[in-house]
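A short worksheet on the structure shown next.
The values are calculated or read from the model by the stated rules, or taken from the named source; none is laboratory data. Everything numeric in this text was worked out from a predicted model, so none of it was measured. Backbone-built Cβ (ideal geometry, glycine too); neighbour counts: all protein chains shown. Note: areas computed on protein heavy atoms with side chains; ligands, DNA, RNA excluded. Shrake-Rupley method; radii C 1.70, N 1.55, O 1.52, S 1.80 Å.
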Amino acid sequence: MGGVIAAAAGVPAALYLLVKPKNKNSGEWVEVAELDQLRAGQPEEIVYNRKRTDGWRRVDEKTSTWLVRTETDAVIAYNPACTHLGCAYHWDAVGNAGAGQFECPCHGSAFSMEGKVIAGPAPRPLDRYLARIDGGKVLINPETRSV
Ligand code: FES
């Protein structure tokens, strides 16, 4: 009887310790926009849906990214959270003496279009996602950071 009880408690515990949670997110690319819908030098916030694995659960979620199309038709994708404490920031086209800047409403941080800190207290530039263009579509990998 003791062996049965030990097995009933021990097998799930052993599986919990030995079976790794699923992490299918790394490497998943998500189509978020058509390149033609972006204008060079005009950041645009894109809302998209993605599937994310959270431990053993698969979650559908709506999230966003800021995309910047460069003059050379490359695309930069930013994490939409401020690098200070994670507030959502926005684009102000007339800030930074007309050059435009990302502004965080929480504590006043400002970032250039290239993501560099213009005004604190943000401790580092905006976080970037890996981004690529494939057949005129913009794809990002929101699980990976680019520098
Ligand atoms: Fe953006 Fe504090 S969270 S400045």
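Antiparallel DSSP bridges in the stretch 26-147: what percent, to the nearest 5?
So the antiparallel bridges amount to about 95 percent of the total.
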TODO: Calculate, for the stretch 46-147, the solvent-accessible area per residue in square angstrom, rolling a 1.4 angstrom probe over the heavy atoms of the protein chains.
DONE: 52
Open item on the list: Per-residue counts of other Cβ atoms within 10 Å, averaged by peptide: what ranking do you get for 109-120, 47-58, 76-87, highest first?
Closed with: 76-87, 109-120, 47-58
Open item on the list: Quick check: at a probe of 1.4 Å, how many percent of the accessible area of the chain sits on carbon and sulfur atoms?
Closed with: 55
- [ ] On a 0 to 90° scale, report how tilted helix 2-18 is relative to the longest principal axis of the chain, with both axes built from alpha carbons and the result rounded to the nearest 10.
- [x] 20
Open item on the list: Taking 2.2 N^0.38 Å as the expected size of a compact globular protein, what ratio does the Cα radius of gyration of the chain give against it, to two decimals?
Closed with: 1.42
TODO: Could you point to the residue in THR53, TRP66, ALA88 farthest towards the positive end of the chain's charge dipole, with +1 and -1 charges on the Cβ of Lys/Arg and Asp/Glu respectively?
DONE: THR53
Open item on the list: Number of Lys pairs in the chain with C-alpha atoms less than 27 angstrom apart, excluding same-chain neighbours closer than eight positions?
Closed with: 12
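Run the dipole for the chain about the Cα centre, Lys and Arg Cβ at +1, Asp and Glu Cβ at -1, nothing else charged, and hand back the magnitude in debye, nearest 20. Before the final figure, lay out each step's value.
Details: 17 positive and 17 negative charges, 146 e Å.
The dipole magnitude comes to about 700 debye.
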